[in-house]
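To start, the structure under review is shown below, and the notes come after it.
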Amino acid sequence: CSSSLLRGMSTSAFYIGGIVGGFVLALIPDGFLGRKKLVFLSTFATSVTAISVVFSTNVWIYTTLKFVNGFSKSQTWSYAMVLISERVSTKWRPRATMIPFTFFVLGFMSLSGIAYLAQHSSWRFLYLYTAVPALLYCIFLYLFALESPRWLHLQGNDEEAIKVLKSMSSKNKPYLELLVSVLPLEQETSK
């Protein structure tokens, strides 16, 4: 009975954290952090709290960490969607934005296989088996993901936006440079 109570408390804490995080983190504009940093920070916080659950010593620490995990995970989808959808044309945008959902389903389906392989281990190892690859993904994301060129342009960092656009496009560089030369500069207003 106590294990089902613990499971219920942790699941409730995770979902309540997701609801609270959905409201709070939706208010954070990407103006000062950038879209890449928002994806990285939410994914990193989710990974670190999942690894920290392994070291919890009582039910209250465990439940609190599950709340923080749900809180940090709540807006990862929307941050990733914006980052992905900006990089593709409107023709390919519906297919490109389905990629994260496909990987989510595949990852969710793989949990039963991971649990089967870890059936003789402690539940703590199951957390590690799923959280450590997510932490490695965070490192990969930090090193190789590009910031949004649109966000960089809106921040007035046109040189870096052009550099990101050039790195994303291998062909049609003369066309890209023609477009860059006619980009309107952001003008300051007196208000």
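The values are calculated or read from the model by the stated rules, or taken from the named source; none is laboratory data. None of these values were measured; they are calculated from a predicted model. FYI the Cβ positions are ideal-geometry reconstructions off the backbone, even for glycines, and counts take in every protein chain you see. What goes into the accessible areas is simple: the full protein's heavy atoms, side chains included, and nothing from ligands, DNA or RNA. Shrake-Rupley method; radii C 1.70, N 1.55, O 1.52, S 1.80 Å.
Here each label is just a point 7 Å from Cα along the line to Cβ, and for Val105 and Thr57 those points are 4.4 nm apart.
Restricting segment 6-87 to chymotrypsin sites (Phe, Trp or Tyr not before Pro) that sit in a DSSP loop and have at most 13 other Cβ atoms within 10 Å of their own Cβ leaves Phe32, Phe55.
Hey, can you find the accessible area per residue of segment 1-157 for me, probe 1.4 Å, expressed in square angstrom?
Values: 9870 Å² over 157 residues.
Per-residue value: 63 Å².
What are the trypsin sites (Lys or Arg not before Pro) within segment 5-111 that DSSP puts in a loop, where the Cβ has at most 10 other Cβ atoms within 10 Å? Counting only loop positions with at most 10 other Cβ atoms within 10 Å, the trypsin sites (Lys or Arg not before Pro) in segment 5-111 are Lys91. For a straight C-alpha distance cut-off of 20 angstrom, the lysines reachable from Lys166 (same-chain residues fewer than eight places away being disregarded) are Lys36. The calculated FRET efficiency for the pair Ser89 and Arg150, based on their C-beta separation and a Förster distance of 22 Å, comes to about 0.95.
Of the trypsin sites (Lys or Arg not before Pro) found in segment 103-174, those that fall in a DSSP loop while having at most 15 other beta-carbon atoms within 10 Å are Lys171.
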